[in-house]
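Input: a single structure, listed below in structure tokens.
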Ligand SMILES: Cc1ncc(COP(=O)(O)O)c(C=O)c1O
């Protein structure tokens, strides 16, 4: 077992060492003191990390003049100024995508993409179950059925092997999610989509600058969706984007997000020849986003460096399994996830492990749960519209199919996730994370006993 020596660890180890010597010399009290100091924080010991973590989001004073300029111009709406288009050009360049359309949110980016990929009432979309609930909702809003493929427990993303068996005559598209900024294995997904003539929409809402085999997420399917909501790596309160390499599809997206107005090659004989909605981004959002391109690049590099370091050391701890990425791929870590095996922690339940790690000053959570059992899908399939669109037999089989998602169940029950802002800290803080996990393992029997 490799020992990582931090200043705190050094002081503690030195204390244990000297206590052991004292013990040998026959004086008992200091040894008891040293044992207390190493106690898990949940059992009254000192937390491994006490310094707090950086806030999110962060901004710079240097952004203020540009935001103020928009305010004072009164040109706040997309149609009145050039900032949104400027942002689109810049964001597309960042991804090496041909086009980008800015939207009001990631959800609206999904709604636009599903419409343009011709997902209609009564259709089915094969989707990753391990995602933020907005992915399910966008499909349901189109009165289509989100059909869940399974999650690969090793990667936490859509298992391509579980897709083909779920295709029916109603399936129109596949919607893989690059969850936590980890790219899905897109090659086999695209092969299946081509074979069955299905569209591919990437949910890249957490995957700004993530790479799959040398190409950025956002350029790997027909269309891709991003979110710039406040918690995201490039935030603007709310905001989103659709990206892709097809002018025809992006013209259609633009028209749909702008109440159906003609765009580029997509036009009709009269002004309102096609359906649409209002999913436009505001000038303020675009200006705030553009200030952050360089920051995003720098912070992504920092998160990657720290995630690589964590991965190297956490995987040495028995019972901790960092997620596997597809080959030649790079994640951006909206959350840094690892799988936790309680067997190597004296049977300490995952939720108790989370409590213990939080108590050590390391914020963490269990990631997504099995959301399909929460009720929204029951509500949808019992609605008048869905009952009109799908047969009783299909809806029954659909509801029963949630039980088949064994990989996803395992992932939901065993994942531990560290929020992205932890990865912006320095090496000593990464050592605290590793040290805290080791400490919990060393005391897992006591923790499990206390939890019983
Ligand atoms: C994976 C995923 N999909 C979709 C969305 C929806 O994005 P928004 O919140 O911007 O509507 C989010 C945002 O949290 C997300 O994380």
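Since every read-out is calculated from the coordinates, none of them should be taken as a lab result. Quantities reported herein were computed from a predicted structural model and do not represent experimental measurements. Don't worry about glycine lacking a Cβ; one is built from the backbone with ideal geometry, like all the others, and counts go over all protein chains shown.
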Residue order, fewest to most surrounding Cβ atoms within 10 angstrom, among 365, 169: 169, 365
Full-stretch length increase - residue 316, residue 64 - with 0.36 nm per residue and alpha-carbon distance subtracted: 86.2 nm
Suppose R0 equals 35 Å; then what is the FRET efficiency for residue 369 and residue 442 from their Cβ-Cβ distance, rounded to the nearest 0.05? 0.75
Sequence of 228, 390 once ranked by neighbouring C-beta atoms within 10 Å, starting from the fewest: 390, 228
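Taking neighbour Cβ counts within 10 Å as the exposure measure, how do 105, 73, 227 sort from fewest upward?
73, 105, 227
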Inter-label distance, nm, simple model (7 Å from Cα along the C-beta direction), residue 358/residue 77: 4.5
So for the chain: antiparallel DSSP bridges make up what percent, rounded to the nearest 5? 65
Contact order normalised by length for the range 78-149, with contacts defined as Cα pairs under 8 Å and 6 or more residues apart; what percent is it? 27
Spin-label zone in the range 87-125 - amide nitrogen under 13 Å from a point set 7 Å from the Cα of residue 388 along the C-beta vector: 121-122
At 7 Å along the Cα-to-beta-carbon direction for both residue 378 and residue 327, put a label point, then send me their distance in nm to one decimal. 4.5
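Using the 2.2 N^0.38 Å rule of thumb for compact globular proteins, work out how the range 119-186 stacks up: its C-alpha Rg over that value, please. Can you show the working numbers first?
Details: Rg = 11.4 Å, N = 68, 2.2 N^0.38 = 10.9 Å.
In units of the 2.2 N^0.38 Å rule of thumb, it is 1.05.
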Once you have the Cα-Cα distance between residue 424 and residue 399, take 0.36 nm times their residue separation minus that, and quote the gain in nm to one decimal. 4.9 nm
Using helices alone, what [θ] at 222 nm do you get for the chain, with -39,500 (n - 2.57) per DSSP H run of 4 or more residues, divided over all residues and rounded to the nearest 500? -12500 deg cm²/dmol
